[in-house]
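Engineer: Pasting a structure below so you can have a look.
The values are calculated or read from the model by the stated rules, or taken from the named source; none is laboratory data. This is a predicted model, so every value here is computed, not measured. Every residue, glycine as well, gets a Cβ built from its backbone with ideal geometry; the counts of neighbours run over all protein chains shown. Just the protein is used for accessible areas: all its heavy atoms, side chains included, with ligands, DNA and RNA removed. Shrake-Rupley method; radii C 1.70, N 1.55, O 1.52, S 1.80 Å.
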Amino acid sequence: MMLDFLARRLLVALLVCATVLTFAFVLTRLGGDLAISIAGPNATAADIAQVRVAYGLDRPMPVQFLEWVGRAATGDFGQSFFFKEKVSKLIFDRLPITFALGLVGLSLALSVALPLGIVAALRENSWVDRAISIVALFGQAMPSFWLGLILMIGLGLHLGWLPISGTGSWEHFVMPGIVLAFSAIPALLRLTRAGMIDAMASDYIRTARAKGLSRSSIVLKHAARNAAMPVVSIAAVQLGFMLGGSIVIETVFALHGVGFLAWESISKNDFPTVQAVVLLLACIYILLTLGADLLNAVLDPRLRAS
Amino acid sequence: MTRLLEVEDLEVGFGDVSAVRGASLAIERGETHCLVGESGCGKSVTALAIMGLLARNATRRAARLSFDGQDLRGLDERGMSRLRGDRMAMIFQEPMTSLNPAYTVGSQMAEVMLRHRGGTRAAAMARAEDLLGRVRITSPGMRLGQYPHQLSGGLRQRVMIAMALMCEPELLIADEPTTALDVTVQAQILRLLLDLQRDLGLAILLITHDLGVVARVAHRVSVMYAGEVVESAPVEALFAHPTHPYTSGLLGCVPVPGKVARGAPLGSIAGVVPRLGPEFRGCGFRDRCAHAAPACAQTIARRAAGPRHDYLCRLEPGLAGDAR
């Protein structure tokens, strides 16, 4: 049953991957003649023609596409025009930074959002619940670049507890992690709260109470497991966002991860890098949703059956 | 020996609505006590109040609420949770949603044992398997590993019953346990409850609105109306000499083959159960009662109609019977 489920999900994931692959390729070519932008502003018509032949841009699009797919399948994404390096090396150098940042951000977000969400649900409509909602509202409303700067001034400059920018040690990831976590906390917290309120009002919780189970067993075993599924799904999306979309944070804290690379290569029209980064981020998203689906199937036996 | 459960003057309120207004109830060891009445009369709330399972916005007061001589009123949540599932158990009307969808039947049954009696998980599982067999579920060993969604409603209710019996409770409260089930399954579940009661010496408080069920299974019946127990009697006495006008009306609603002519209109009681506030005095049934008089707005005293037969009406016994 579980294998069947896994196979179906994998098939869907592969289809999405193929679609993204096509879009990544076509979209980079919709931005104008790549040969002109590669050759630069001072190039003559002859230079441009030469560039076009050198990069194979003179050939029909389907041929170019199949060639790119063929190479990409072996891990070869070609040479970056701007960085004058292999695209694959460029990406692999930056992946650890991005992953570290994402994991720190998500762990911080979960360790704040889950307990607060549960407490808010158990004390629904009390002052504790309201206070927690206000904290969540602040997290939602605060622009992350601004929070980043405030933390830099406070924790970095005045208190001197944490380094302000760079990637030298684990301490460098704390502040950007906090900023990322802040943006993820409101959604996680509200889903946890809503899920727990629903679960605690359910018939099976009444049964659990009628069985005389302890409070902790009722809340953490019986209610939390059923409230967890939407939280798992949204956490996967949040992590995907942290890994791919944290360009602002990476810029503010001078963490040159994949997000920063994406932004740089887009602005420089470095199409081999753009294509590769888009594909990579799409694959990460797909893997994360797949992981979330699998985790949910472990949590809820009914999903395994359908 | 004291009675197993004694409830006197139980009051439960939700904000400005009084769901239970001074209900009294006593259950002997090993007896089947049926609590009957229309929807909204406070039957379920009474049961939840006894178990200490009321919602947080409810208020509970009672002159007496004791289980096996122990006063339940002073017990906090922790103290009540030691009794629940161990010495008093409850099953509900909704078998489809009363089991946790995320855990197997076996683990949900075993945790009751582990919580109250300790021991190994294997021993608890063995006990669970034994009980699944007792509630006549086929291949109980296989069922232990199944999830609720793999079982039918009837099977789930059997699992609920088996789970309630894990620690051999003295009292089982069954809140309309067959209402949500098919008619054929209803009969099986009722027979099962009766057999278990005989074998285990269990006291059952069976909440139902089905007088046919009452006639078949009850030793004693309490009729509830608008938050009060208006009449309580041994089952034979209640059916032979209903004394409260509401009881008479209720019995008049049941068509008896042979006694009721074909095509004759079925009996009914005009109106609905009123929602009463805490300031309400007197008989809650007076707006629907043929015998209503100004005196019904006064506080009514409980009176005896026979041995272990009491009722709550200003009329003498025998006068209300002609309401039928």
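Engineer: Can you list the lysines whose alpha carbon sits under 26 Å from that of A:Lys84, skipping same-chain ones fewer than 8 residues off?
Structural biologist: Within the straight-line cut-off, A:Lys84 pairs with A:Lys268.
Engineer: Could you derive backbone 3J(HN,Hα) for region A:168-183 from the dihedral phi with the Karplus parameters 6.51, -1.76 and 1.60 (θ = phi - 60°), listing whole Hz in sequence and x where the residue is Gly or Pro?
Structural biologist: x, 9, 5, 4, 5, 8, 5, 4, x, x, 4, 5, 4, 4, 4, 6
Engineer: Averaged over B:82-95, how many beta carbons belonging to a partner chain fall within 10 Å of each residue's beta carbon?
Structural biologist: Average neighbour count from other chains, rounded to a whole number: 3.
Engineer: Ignoring everything but the protein chains, give the 1.4 Å probe accessible area of B:His209 in square angstrom, nearest 10.
Structural biologist: 100 Å²
Engineer: Just need the Rg to Rh number for region A:2-73, please, alpha carbons only, Kirkwood Rh.
Structural biologist: 1.21
Engineer: Once each part is reduced to its C-alpha centroid, what is the distance from region A:1-47 to region B:198-260 in angstrom?
Structural biologist: 75 Å
Engineer: May I pose another question? Taking a quarter of the surface of the convex hull around the Cα atoms of region B:169-284, what do you get in nm²?
Structural biologist: 9.6 nm²
Engineer: For region A:130-173 and region A:214-264, what is the separation of their C-alpha centers, rounded to whole Å?
Structural biologist: The two parts, judged by their Cα centres, are 17 Å apart.
Engineer: From Cα coordinates alone, what are the radius of gyration and Dmax values for region B:99-166 in angstrom?
Structural biologist: 10.6, 31
Engineer: In addition: Given a 1.4 Å probe and every protein chain left where it sits, what share in percent of the accessible area of the protein assembly as shown is carbon and sulfur?
Structural biologist: The value for the protein assembly as shown is 62 percent carbon and sulfur by accessible area.
Engineer: Another question about this same structure. Using a 1.4 Å probe on protein heavy atoms only, how many Å² of accessible area do A and B hide from each other, summed over both chains and rounded to 100?
Structural biologist: By this definition, chains A and B bury close to 2300 Å².
Engineer: Give me the inter-chain shielding for B:99-107: mean count of other chain Cβ atoms within 10 Å, whole number please.
Structural biologist: Taking all residues of B:99-107 together, the mean is 5.
Engineer: Something else about it: What value, in deg cm²/dmol to 500, does the helix sum -39500 (n - 2.57) over DSSP H runs of n ≥ 4 give at 222 nm once divided by the residues of chain B?
Structural biologist: Counting only the DSSP helices, I get -9000 deg cm²/dmol.
Engineer: Please list the three semi-axes, largest first and in whole Å, of the ellipsoid equivalent to region A:1-131, using sqrt of 5 times the eigenvalues of its alpha carbon gyration tensor.
Structural biologist: Taking √(5λ) for each Cα gyration eigenvalue gives 46, 22, 15 Å.
Engineer: What average number of partner chain Cβ atoms lie no more than 10 Å from the Cβ of the residues making up A:225-235?
Structural biologist: 1
Engineer: So what does the Cα-only Debye profile of the protein assembly as shown read at q = 0.06, 0.07, 0.10, 0.11 Å⁻¹, as log10 I(q)/I(0), no solvent term?
Structural biologist: The Cα Debye sum returns log10 ratios of -0.52, -0.64, -0.96, -1.07.
Engineer: Moving on to the next point. On a 0 to 90 degree scale, rounded to 10, what angle separates helix A:224-244 from the longest Cα axis of chain A?
Structural biologist: It is inclined by approximately 20 degrees.
Engineer: Shifting gears a bit: Using the Kirkwood radius over C-alpha pairs as Rh, can you work out the diffusion coefficient of chain B via Stokes-Einstein at 25 °C, viscosity 0.890 mPa s, in µm² per second?
Structural biologist: 118 µm²/s
Engineer: Oh, and also: Compute the orientation-averaged projected area for region B:1-137 from the convex hull of its Cα atoms and round it to one decimal in nm².
Structural biologist: The orientation-averaged projected area of the Cα hull of region B:1-137 comes to 10.2 nm².
Engineer: Next up: Provide the per residue accessible area, probe 1.4 Å, for region B:112-199, rounded to a whole number of square angstrom.
Structural biologist: 42 Å²
Engineer: Okay, moving on. Going by the alpha-carbon gyration tensor, a ≥ b ≥ c the square roots of its eigenvalues, is region A:86-180 rounded (a/c under 1.5) or, if a/c is not under 1.5, prolate (a/b greater than b/c) versus oblate?
Structural biologist: Note, shape of region A:86-180 comes out prolate.
Engineer: Short version: ³J(HN,Hα) in whole Hz for each residue of region B:218-231, in order, from phi by Karplus 6.51 cos²θ - 1.76 cosθ + 1.60 (θ = phi - 60°), x for Gly and Pro, what are they?
Structural biologist: Residue by residue, region B:218-231 yields 6, 8, 9, 10, 10, 9, 10, 9, 6, x, 10, 8, 8, 7 Hz.
Engineer: Across 10 Å bins from the origin, how do the percents of Cα pairs in chain A run, short distances first?
Structural biologist: 6, 21, 25, 23, 15, 7, 2, 1, 0
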